[in-house]
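Below: one structure, written as structure tokens.
The values are calculated or read from the model by the stated rules, or taken from the named source; none is laboratory data. Since the structure is predicted, the reported quantities are computational estimates derived from the model, not experimental observations. FYI the Cβ positions are ideal-geometry reconstructions off the backbone, even for glycines, and counts take in every protein chain you see. Heads up: the accessible areas ignore ligands, DNA and RNA and are worked out on the full protein's heavy atoms, side chains in. Shrake-Rupley method; radii C 1.70, N 1.55, O 1.52, S 1.80 Å.
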Amino acid sequence: MKLGTLKSGGRDGTLVVVSRDLTQCATIAEVPTLQAALDEWDAAKSILQKIYDALNMGAADWAMPFDETAIHSPLPRAYQWADGSAYVRHVELVRKARGADMPESFWTDPLMYQGGSDAFIGPRDDIIAADEDWGIDFEAEVAVITGDVPMGVNPADALTYIRLIMLVNDVSLRHLIPGELAKGFGFFQSKPASAFSPVAVTPEALGDAWADGKLHMPLHSILNGQWFGHPNAGVDMTFDFGQLIAHAAKTRFLRAGTIIGSGTVSNADPATGSSCLAEKRMIETIESGAPITPFMAFGDHIRIEMKDDKGHSIFGAIEQKVVRYV
């Protein structure tokens, strides 16, 4: 099943069920928003599934065309957004580029930060920044939306609380990060609003691509119309989503609508490219002593997408342009 949120209908938008091929959609009076569906998932899912089946059979005469440009992130705002760093190779590169050793604990205990979730931006909305010197970067990731998760859940059981899966552009302002981290209190200004894919997808709708708490598909990043990377999200993922959820829930309950991110998708194979500019710059620094690739400038655009083995978009595309904030 695939679900999206129209921008119409107030701050939380209007929930739509979207056909498998992303061409048709339908609203549901009984379930007005995605958060409402998550709050009463067992009851709502059966209603939504019937509409999804009708859309795919062409039997929904009330359906309307699905327009990705009219879509918000599936959750326009969320009770919680916590982003991990499951691809430890990515972390290792960051530290190696600046000559720092990596603690062994990074391989056994996930890194995670709590991001702003009061207002996400849509998958086709501009990335707004006041200054190019902030080091504007995209980060292509995978994320899950959970139901209510009990405190202290183990990683295997944590997977049963995943309701939906989607893609993320976790925008980072790289030149603001060092100063913030030096204070010893984490990210804030360096992490502006994130954008999520046009639709979120239930695990069962992904078939064999969803296994062992990982999404085993290449994640494509196209920067200014040029290939940038397609690492497989299921490869070199040190911590699966069960482990990430269990980490987040160690000392607290997670409420329905919590979003947990994978961190930047990264593979050890250099042929797969990268999912953010910082990683490419790290590799250049290690190889030649200095980065060559610049961070994003006003007018640059990024497209993030995942396709099935027939070349069809699974989640729709995140496609954004960097613009100056006035």
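For Asp240, are the conditions met, namely being acidic (Asp, Glu), touching a residue at least 40 places away in the same chain (Cβ under 8 Å) and under 22 Å from Thr293 (Cβ atoms)? It is false that Asp240 is acidic (Asp, Glu), touching a residue at least 40 places away in the same chain (Cβ under 8 Å) and under 22 Å from Thr293 (Cβ atoms). Listed by first and then second residue, the pairs linking a residue in region 275-302 that is farther than 22 Å from Val168 by Cα to a residue that is part of a loop (DSSP other than H, G, I, E, B) and of a type in the set (Ser, Thr, Tyr), with Cβ atoms under 8 Å apart and 6 or more places separating them unless they lie on different chains, are Ile283/Ser274; Glu284/Thr293. Reported count of residues in region 26-41, each being free of Cβ contacts under 8 Å to residues at least 12 places away in the same chain and either within 24 Å of the chain's Cα centre (by Cα) or open to solvent by less than 20 Å² (accessible area, probe 1.4 Å) (or both), is 1. Taking (1) open to solvent by 10 Å² or more (accessible area, probe 1.4 Å); (2) touching a residue at least 40 places away in the same chain (Cβ under 8 Å) in turn, Met166 satisfies each apart from (1). Does Gly122 qualify as being small (Gly, Ala, Ser) and in contact with a Lys or Arg (Cβ under 9 Å, 6 or more places away or on another chain)? Against the criterion (small (Gly, Ala, Ser) and in contact with a Lys or Arg (Cβ under 9 Å, 6 or more places away or on another chain)), Gly122 qualifies.
Only one entry of Ile51, Ile71 meets the criterion of being under 30 Å from Ser274 (Cβ atoms), out of contact with any helix residue (DSSP H, G or I) (no Cβ under 7 Å at 6 or more places or on another chain) and among the β-branched types (Val, Ile, Thr), and that entry is Ile71. Tally time: how many residues in region 280-310 are within 30 Å of Gln24 (Cβ to Cβ) and either in contact with a helix residue (DSSP H, G or I) (Cβ under 8 Å, 6 or more places away or on another chain) or at pLDDT 95 or above (or both)? The qualifying residues number 8. The set of residues in region 47-76 that are of a type in the set (D, E, K, R) and under 15 Å from Leu6 (Cβ atoms) comprises Asp67, Glu68. Restricted to helices (runs of 4 or more DSSP H) entirely inside region 1-103, no element has at least 2 residues that are within 30 Å of Pro178 (Cα to Cα), modelled with pLDDT of 95 or more and among the aromatic types (Phe, Trp, Tyr).
If you check Ala211, Ala156 for being closer than 17 Å to Ile314 by Cβ and either touching an Asp or Glu at 6+ places or on another chain (Cβ under 7 Å) or open to solvent by 10 Å² or more (accessible area, probe 1.4 Å) (or both), only one passes: Ala211. Condition check: in contact (Cβ under 8 Å) with a residue 40 or more places away in the chain and either buried (at least 24 other Cβ atoms within 10 Å of the Cβ) or part of a helix (DSSP H, G or I) (or both). Does Ile222 satisfy that? Here the answer is no, as Ile222 does not meet what is asked.
Can you tell me which residues in region 149-182 are within 28 Å of Glu305 (Cβ to Cβ), acidic (Asp, Glu) and more than 20 Å from the chain's Cα centre (by Cα)? Across region 149-182, there are no qualifying residues.
The condition of being of a type in the set (A, V, I, L, M, F, W, C) and over 30 Å from Val17 (Cα atoms) holds for only one of Ala100, Ala59, Ala63, Ala54, that being Ala100.
Take the conditions (1) farther than 29 Å from Gly122 by Cβ; (2) open to solvent by 50 Å² or more (accessible area, probe 1.4 Å); (3) among the aliphatic types (A, V, I, L, M); Val91 misses just one of them, which is (2). If you go through region 5-25 and pick out every residue that is surrounded by 19 or more Cβ atoms within 10 Å (Cβ to Cβ) and touching a Ser or Thr at 6+ places or on another chain (Cβ under 9 Å), you end up with 7.
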